[in-house]
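Take a look at the structure below.
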Amino acid sequence: MEKTVLISGGSRGLGKALSDLFFREGWNVVAFSRTATPSETRNGKATFLVRRADIRLERDMVELTNMIGEKFPTQKLLVLNAGAITPSRPFIESDVGDLRRLLETNVIGSSFLLSLFLELSNTIGAVHITSDAATHNYPGWGFYGSTKRAMDHIIANLAVELKGKVFLSIDPGDMDTEMHRIAEPDADRSLLKSPDSAANEVYFRIKEALENAGY
Ligand SMILES: NC(=O)c1ccc[n+]([C@@H]2O[C@H](COP(=O)([O-])OP(=O)(O)OC[C@H]3O[C@@H](n4cnc5c(N)ncnc54)[C@H](OP(=O)(O)O)[C@@H]3O)[C@@H](O)[C@H]2O)c1
């Protein structure tokens with residue numbers, strides 16, 4: 001059956017690489033971010049829509065999910081990829097306001113979108129792009145890691161609440177992206193994965209999980 005994926009944060013980094021890959025694989029793709037230039041591309045039967053929207057704004061998410069419901073009567077998957085980060089910093093030097101800002105994007109905005117998405121017809125699941133900072137304690141990464149852990153927990157709970165659909169969190173590993181530059185400007189970039197190679201690994205994990213669930 002025809003499939004559509006909604007990807008948050010599709011303008012660069014992993015989200016862009018994943019959007020392009022899903023489209024090449026024949027999926028309809030709807031990708032959004034705050035700075036995206038709206039566009040529509042077709043490849044045979046598949047459509048690739050880019051929209052400008054902010055995951056923290058409820059009206060943007062309502063508009064986006066309404067559009068998807070009307071335009072794509074297909075099976076639908078959500079990839080929660082958009083993420084916020086701050087430069088890594090020890091807790092005692094941190095501004096707790098940063099935690100609020102990270103929660104707004106990484107947990108509240110993502111959860112609100114997820115709740116709207118699951119009201120659409122033919123949803124087959126949701127994938128959260130997580131981080132090893134959710135499960136490991138690295139100095140300076142407490143705020144970011146706790147937001148990723150919170151979203152992992154919500155996704156894992158959905159897996160037991162809505163059996164038959166696919167809910168999983170996938171850690172793409174350290175990638176050479178703007179987010180990584182903000183968090184660790186002095187990192188050796190030659191040790192980081194390209195977003196394209198991380199996208200291949202993430203796509204394979206998603207495909208395998210969907211096939212195992214019969215989609
Ligand atoms: N880079 C790493 O090493 C690494 C490691 C583990 C996990 N991750 C995770 O991988 C995911 C992708 O990260 P990345 O490294 O590819 O980051 P990135 O290059 O900074 O891309 C982040 C994407 O999210 C979008 N975005 C940010 N805030 C948004 C908002 N409020 N509403 C809508 N879109 C928003 C950005 O576009 P706009 O600015 O246009 O909104 C951009 O398209 C994140 O969830 C991150 O936590 C990254």
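Computed values, structure above
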read-out: Selected residue (only one of LYS45, LYS76 is touching a residue at least 24 places away in the same chain (Cβ under 8 Å), closer than 29 Å to TYR215 by Cα and touching a helix residue (DSSP H, G or I) at 6+ places or on another chain (Cβ under 8 Å)); value: LYS76
read-out: Qualifying residues in segment 126-136 (those that are without any contact (Cβ under 8 Å) to a residue 60 or more places away in the chain and under 15 Å from ASP171 (Cβ atoms)) - the one farthest from the chain's Cα centre (by Cα); value: HIS136
read-out: Residues within segment 122-148 that are under 16 Å from SER88 (Cβ atoms), crowded, with 18+ Cβ neighbours inside 10 Å and touching a helix residue (DSSP H, G or I) at 6+ places or on another chain (Cβ under 7 Å), tallied; value: 9
read-out: Residue that is out of contact with any His (no Cβ under 9 Å at 6 or more places or on another chain), at pLDDT below 95 and small (Gly, Ala, Ser), where the choices are GLY44, GLY69, GLY97; value: GLY44
read-out: When residues of segment 22-35 are limited to those that are in contact with a Lys or Arg (Cβ under 9 Å, 6 or more places away or on another chain) and surrounded by 18 or more Cβ atoms within 10 Å (Cβ to Cβ), the one nearest to LYS207 (Cα to Cα); value: PHE22
read-out: Enumeration of residues in segment 14-35 that are aromatic (Phe, Trp, Tyr) and within 11 Å of the ligand (Cβ to nearest atom); value: PHE32
read-out: LEU64 being in contact (Cβ under 8 Å) with a residue 24 or more places away in the chain, buried (at least 20 other Cβ atoms within 10 Å of the Cβ) and aliphatic (A, V, I, L, M); value: yes
read-out: Search result, residues across segment 1-27 that are assigned to a helix (DSSP H, G or I) and aliphatic (A, V, I, L, M); value: LEU14, ALA17, LEU18, LEU21
read-out: Enumeration of residues in segment 1-28 that are farther than 27 Å from ARG181 by Cα and more than 12 Å from the chain's Cα centre (by Cα); value: MET1, GLU2, LYS3, THR4, PHE23, ARG24, GLU25, GLY26, TRP27, ASN28
read-out: Some residue of segment 110-121 being within 13 Å of the ligand (Cβ to nearest atom) and hydrophobic (A, V, I, L, M, F, W, C); value: yes
read-out: Search result, residues across segment 36-77 that are within 15 Å of the ligand (Cβ to nearest atom), outside any strand (DSSP E or B) and farther than 14 Å from LEU6 by Cβ; value: THR37, PRO38, ASP54, ARG56, LEU57, GLU58, ARG59
read-out: Condition check for SER146: in a helix (DSSP H, G or I) and either at positive phi or modelled with pLDDT of 95 or more (or both); value: yes
read-out: Residue within segment 80-89 that is within 13 Å of the ligand (Cβ to nearest atom), assigned to a strand (DSSP E or B) and surrounded by 22 or more Cβ atoms within 10 Å (Cβ to Cβ) present; value: yes
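The values are calculated or read from the model by the stated rules, or taken from the named source; none is laboratory data. This one's a predicted model, so the numbers in the text were calculated from it and none came from an experiment. As a convention, Cβ positions derive from the backbone with ideal geometry for all residues, glycine included, and neighbour counts pool all protein chains shown.
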